[in-house]
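*Asks:* Once you've had a glance at the structure underneath, I'll fire off some questions.
Each value in this text was obtained by applying a stated rule to the coordinates, not by laboratory testing. Being a predicted model, the structure only gives us computed values, none of them experimental. Note that we place each Cβ from the backbone using ideal geometry, even for glycine, and neighbour counts take in every protein chain shown.
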Amino acid sequence: MLALAVFLCPLLASAVDASDRYRSPRNPERKIRPGTELIVLHTTEAPARSSLNKVSERGECHFCVTEDGTIYRIVDRDREAFHAGRSMWAGKEDIDKYSIGIECVGYHDKPMPLVQLYAIRDLLNDLKAMYRLSDDRVVTHSQVAYGTPNRWQKKKHRGRKRCGMLFAMPSVRKVLGLRSRMSHDPDTRAKRLVVGDPYLEKVLYGSVDTMRGNYAAAASGAAAVASEPSSGLLGWFAKTVQSKPVQPAISAPPKPKPPASAQSRSSAGPTFKRIPQSISELKAQGYTLKGRVVPGRTASQIAGAKWNSASTYYTIRNKVIPGNTINPAKIEVNMGVWMK
Ligand SMILES: [Zn+2]
């Protein structure tokens, strides 16, 4: 696997960038995982700084994605991270051994900023390609966690927690470029577990989607971009397997990632600027019109290599489209190209 990653590396363009600032000191002591069958999405239920410190100190995930779209590598992807706890899928227990865990700073029932969802999408695209996983293999922690009998539940049950619940909702999956999800819970169907949280069951496998409306405009553009192949992670994964000395978790403010966010962080934690929704918001955030697409003048002639970056925006008929979500086939004559 390692050899394969190193071999493939030069063939693939780098798409996803990540920070090593919160690499876990637990890394060297973690076992190599026997396989990768699932990608498990979590919500940290806490602000970024405390989330990063905690997951790093305890080695609780492979990646952590903050609200500004920065991706942090915590534990080597081929090693075991302790993220799923008591867990089961299709009769198999201890899902940590068979999965990649991604902690997303935020809450299981609250919308996340688009810039964060796009970073998660890019990371997922790389991991899905690398491990050849279909979209339905991207699950939430609440889908695999289970509880043992307690005073409220007489049986082993699904519904121990709602962690990552929003990532099962169709509107959010659309933004993440995920075209399918698990159709049912194999463990409750086989009666290995009972349903301990009927509402959660409706979110995971029914039609409850409380995020609908938050991402309506973004979903169409995201679906187009999701089909673009990208496996930039191979490049930086290949670099990380050479067991670099591991830095202890530090509490200094993480370095802001310039293009996706171009924001600064306050000592109170990360902040993010909302994605401009109108030309006046673009201007207010310091963007200027660099030119218009006309026959003979393409977007990349106007914006250069940054034509599809998150810091480039396209405008047409009062719509504002971030460069990292634009479908190249839909770039049309008279579109405005905005940059800083
Ligand atoms: Zn979780």
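*Asks:* E332 to R151: extension gain in nm, 0.36 nm per residue of separation minus the Cα-Cα distance? Show your work: numbers first, answer last.
*Replies:* Numbers: separation 181, 0.36 × 181 = 65.16 nm, distance 6.14 nm.
Extending this stretch completely gives an extra 59.0 nm.
*Asks:* What does the C-alpha gyration tensor say about the overall shape of the range 88-149? Classify as rounded when a/c is under 1.5, otherwise prolate if a/b is larger than b/c, or oblate. Intermediate results must be reported in sequence, preceding the final value.
*Replies:* Working: a/c = 2.70, a/b = 1.28, b/c = 2.11.
Here the range 88-149 falls in the oblate category.
*Asks:* Taking 0.36 nm per residue of separation and subtracting the Cα-Cα distance, what length does fully extending K202 through R274 add?
*Replies:* Roughly 22.9 nm would be gained on extension.
*Asks:* Right, next: Over the Cα atoms of the range 108-196, Rg to Rh with Kirkwood Rh, two decimal places?
*Replies:* Values: Rg = 14.8 Å, Rh = 14.3 Å.
Dividing the radius of gyration by the Kirkwood radius yields 1.03.
*Asks:* Determine which aspartates and glutamates satisfy two conditions relative to K191: a Cα distance under 17 Å, and not lying fewer than 8 residues away in the same chain.
*Replies:* Hits, sequence-local ones excluded: E93, E201.
*Asks:* Could you order peptides 195-204, 134-143 by the average number of other Cβ atoms within 10 Å of their residues, highest first?
*Replies:* Numbers: 195-204: 17.6, 134-143: 21.8.
With the highest mean Cβ count within 10 Å placed first, the list reads 134-143, 195-204.
*Asks:* Next up: Have a look at the DSSP beta bridges in the range 19-108 and tell me what percent are antiparallel, nearest 5.
*Replies:* On the way: 6 of 16 bridges.
So the antiparallel bridges in the range 19-108 amount to around 40 percent.
*Asks:* Please give the net charge around S87, taking every other residue with its beta carbon less than 11 angstrom from that of S87, where Lys and Arg add +1 and Asp and Glu add -1.
*Replies:* Details: positive: R86, K92, K97, R158, R160, K161; negative: E93, D94, D96, D187.
Charge balance near S87 sits at +2.
*Asks:* Report the antiparallel proportion of the DSSP beta bridges in the range 60-124 as a percent, rounded to a multiple of 5. Before the final figure, lay out each step's value.
*Replies:* On the way: 5 of 8 bridges.
Among the beta bridges of the range 60-124, antiparallel pairing accounts for roughly 60 percent.
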